[in-house]
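Structure first, then comments.
Readers should treat all values here as calculations from the given coordinates under stated rules, not as data from a laboratory. Since the model is a prediction, treat every value here as computed from it, not as a measurement. Glycine also receives a Cβ, built like all others from the backbone with ideal geometry; neighbour counts cover every protein chain displayed.
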């Protein structure tokens, strides 16, 4: 929850940030079905879940202003169930400005900032972001986003899910894109191994198509 001053009490700007979240952002997001856990807000939406997280700048407490980055995610319980990892993994996992390009890379305020206006601007931006992520209304749409835009980001989870539902065509297309893009690199041997490990019985199909290489003991 940010940096702590030498007297073990939150700095004034940290307290102001907590005010912005608790009095501005939290009521707004709660109205849209989100629940707060520290700096993260999450809601369930059918088989999907949405996450909004505030990542504080490491320099807070030693600068004259207080900054945060806003991370946004959309995940699927079906994908998480197939992956069986220790934590949920949103396949859409981006900074808010990559979802709505007009939004700032970092949100920042200082002692002269009108915090009511600042909180209102945050909520306006979040409203735009949420309108975009709500366009992903199913696991199928979310996975299509992943195979189109993610490349290596969460590639293991994506391949694992596609193998689990036996969507071999989409799996082969995705692995083909990865091989075309990264197959010439030395690190491809690691990607090749991990894809082979998570695709189960469908690994043989990918090998037969020339999309994966046989593992070397």
The helix 155-164 Cα axis meets the longest alpha-carbon principal axis of the chain at an angle in degrees, between 0 and 90 and rounded to 10, of 50 degrees
Over the chain, calculate the relative contact order: mean separation of alpha carbon pairs under 8 Å at least 6 apart, over the residue count, as a percent. 16 percent
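Mean 1/r over all different Cα pairs, inverted: what Kirkwood radius does segment 12-133 give, in Å?
Roughly 15.1 Å, rounded to one decimal.
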In whole Å, how far is the Cα centre of segment 193-210 from that of segment 146-188? 11 Å
Fewest to most Cβ atoms within 10 Å: 100, 51, 175 sort as 100, 51, 175
Relative contact order for segment 151-208, counting Cα pairs under 8 Å that sit 6 or more residues apart, in percent: 45 percent
Each label sits 7 Å from Cα toward the beta-carbon; between residue 69 and residue 30 the label points are separated, in nm, by 2.9 nm
Under the definition of Cα pairs under 8 Å and six or more residues apart, what whole-number percent is the relative contact order of segment 20-92? 21 percent
Would you mind checking the tilt of helix 115-133 against the longest principal axis of the Cα atoms of the chain, expressed as 0 to 90 degrees and rounded to 10? 20 degrees
Would you mind classifying segment 66-112 by shape? Square roots of the alpha carbon gyration tensor eigenvalues, ordered a ≥ b ≥ c; an a/c under 1.5 is rounded, otherwise it is prolate if a/b is larger than b/c and oblate if not. prolate
Note on the chain: alpha-carbon gyration tensor, axes a ≥ b ≥ c; rule is a/c under 1.5 for rounded, else prolate if a/b larger than b/c, else oblate; result prolate
By how many degrees, 0 to 90 and rounded to 10, does the Cα axis of helix 188-198 deviate from the longest principal axis of the chain? 90 degrees
For segment 129-217, go through all pairs of different Cα atoms, get the mean of 1/r, take its inverse, and jot down that Kirkwood value in Å. 13.5 Å
If neighbour count is taken as other Cβ atoms inside 10 Å, put 83, 58, 188, 96 in order from fewest to most. 58, 188, 83, 96
Hey, with R₀ at 22 Å, roughly what FRET efficiency would residue 134 and residue 37 work out to, going by the Cβ-Cβ distance, to 0.05? 0.55
I'm a student and want to see the number: the projected area of the Cα convex hull of segment 102-153, averaged over all directions, in nm². 5.1 nm²
The chain: most fluctuating residue of 192, 71, 112 per GNM, C-alpha cutoff 10 Å: 112
Calculated [θ] (222 nm, deg cm²/dmol) that DSSP helices of n ≥ 4 give over the chain, each run adding -39,500 (n - 2.57): -12500 deg cm²/dmol
Between residue 105 and residue 59, take the C-beta separation as r, use R0 = 22 Å, and let me know the FRET efficiency to the nearest 0.05. 0.90
Added length on full extension, which subtracts the Cα-Cα distance from 0.36 nm per residue, residue 23 to residue 149: 41.8 nm
Want the number for residue 204 to residue 216: 0.36 nm per residue separation, take away the alpha-carbon distance, what's left? 2.8 nm
Can you sort 140, 148 so the residue with the fewest Cβ neighbours within 10 Å comes first? 148, 140
